[in-house]
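Asker: Encoded as structure tokens, here's the structure I'll be asking about.
The values are calculated or read from the model by the stated rules, or taken from the named source; none is laboratory data. All values derive from a computational prediction rather than experimental measurement. Because the Cβ atoms are built from the backbone with ideal geometry, glycine has one as well, and the counts that use them run over all protein chains shown.
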Amino acid sequence: MGMSFQHIRNATSVLNVNGKKILIDPMLSDTGELPPVPFTRSLRRNPLTPLPVPLHFFNHMDAILLTHRHFDHLDKKALSVLNKKMPVFCQPEDQAFLHKAGFINVYAIQQSFEWCGIQMKRIKGRHAPGFAAKLLGPVSGYIVSTPVDGSVYIVGDCIYTPAIEEAFREYQPDTAVLNTPRAQMLLGTIITMTAEDIVRIAELFPTTRLIAVHMDAISHCTFKRQHLRSFLKDRGLEHAAVVPDDGEVIDLNTAAI
């Protein structure tokens, strides 16, 4: 059947795997419908960019995969328009909220879960260093795989840690989706991965295809696509990662980068 990844906007994407469309971290609001991000330097309303697809595009999803429930990963628009009967896969800390929001089939993944021939392994992460991690709450990544299609590591809003590096080393994912907007809190704390992390992962795990997302759409994200593309080009690493535009589809069955 093949596997593909469609970047929608920010961290929202669609993973087509084993004939199923899995919607990841749905933020579906129109431009400016969401407030500024708390505890950050920006007072701009979010998102900064529109959806590249109409809302009815999301009527055809088969499941939802949620890394965590900050509003730029799950917003009120998504809660109002998405089919509440769809299975939702999440970290245990978010299960009660999703039930309360009206979703009927919510599956909290402790370690791993299999659905329709698709294996999902949860990788615990940290959204920020030190005390800020407690303020921002729990976050997870997921390795999604099938025996035929291979594996995709949806890293989520996780900063680079030894545990994340160990997950790459243990599972050797064919593809990894990295949130690399260099998002900053009020005092400058970095709460996502960065361009430097792409370089580090690319050097340590050269057989893993890297896709960089979560840029341009949210006001506290200081690193934009153009910045990342220039950063990689200046270092002769423009092939180290794909930096998709909103709406772009990537065929994951072609040869790895």
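Asker: Find all pairs meeting these conditions: Cβ atoms under 9 angstrom apart; at least six residues apart or on different chains; first residue within the stretch 94-114 and within 21 Å of Ser151 (Cβ to Cβ); second residue in a helix (DSSP H, G or I).
Answerer: Filtered contacts from the stretch 94-114: Tyr107/Gln95; Ile109/Pro92; Gln110/Pro92.
Asker: Also, I was wondering about something else. Quick check on the stretch 147-167: of everything there that is charged (D, E, K, R) and touching a residue at least 40 places away in the same chain (Cβ under 8 Å), which residue is surrounded by the most Cβ atoms within 10 Å (Cβ to Cβ)?
Answerer: In this case the residue turns out to be Asp157.
Asker: Do the conditions hold for Ile159, that is, is it part of a loop (DSSP other than H, G, I, E, B), within 18 Å of the chain's Cα centre (by Cα) and of a type in the set (A, V, I, L, M, F, W, C)?
Answerer: yes
Asker: Of the residues Glu238, Glu248, Glu170, which single one is surrounded by fewer than 20 Cβ atoms within 10 Å (Cβ to Cβ), in contact with a Leu (Cβ under 8 Å, 6 or more places away or on another chain), more than 19 Å from Ser42 (Cβ to Cβ) and among the charged types (D, E, K, R)?
Answerer: Checking each option against the conditions leaves just Glu238.
Asker: Tell me, which residue of the stretch 132-146 that is at pLDDT 95 or above and either touching a Phe, Trp or Tyr at 6+ places or on another chain (Cβ under 7 Å) or more than 17 Å from His73 (Cα to Cα) (or both) is surrounded by the most Cβ atoms within 10 Å (Cβ to Cβ)?
Answerer: Once the filter is applied, the top-ranked residue is Val144.
Asker: If we keep just the residues of the stretch 105-126 that are within 17 Å of the chain's Cα centre (by Cα) and in a strand (DSSP E or B), which is surrounded by the fewest Cβ atoms within 10 Å (Cβ to Cβ)?
Answerer: Lys124
Asker: Out of all the residues in the stretch 209-257, which are assigned to a helix (DSSP H, G or I) and under 30 Å from Pro36 (Cα atoms)?
Answerer: Correct list: Arg225, Gln226, His227, Leu228, Arg229, Ser230, Phe231, Leu232.
Asker: Does Phe223 meet the test of being farther than 27 Å from Tyr107 by Cα, aromatic (Phe, Trp, Tyr) and crowded, with 20+ Cβ neighbours inside 10 Å?
Answerer: Against the criterion (farther than 27 Å from Tyr107 by Cα, aromatic (Phe, Trp, Tyr) and crowded, with 20+ Cβ neighbours inside 10 Å), Phe223 qualifies.
Asker: Out of Pro206, Pro129, Pro181, report the one residue that is surrounded by 20 or more Cβ atoms within 10 Å (Cβ to Cβ) and either modelled with pLDDT under 95 or part of a loop (DSSP other than H, G, I, E, B) (or both).
Answerer: Only one candidate qualifies: Pro181.
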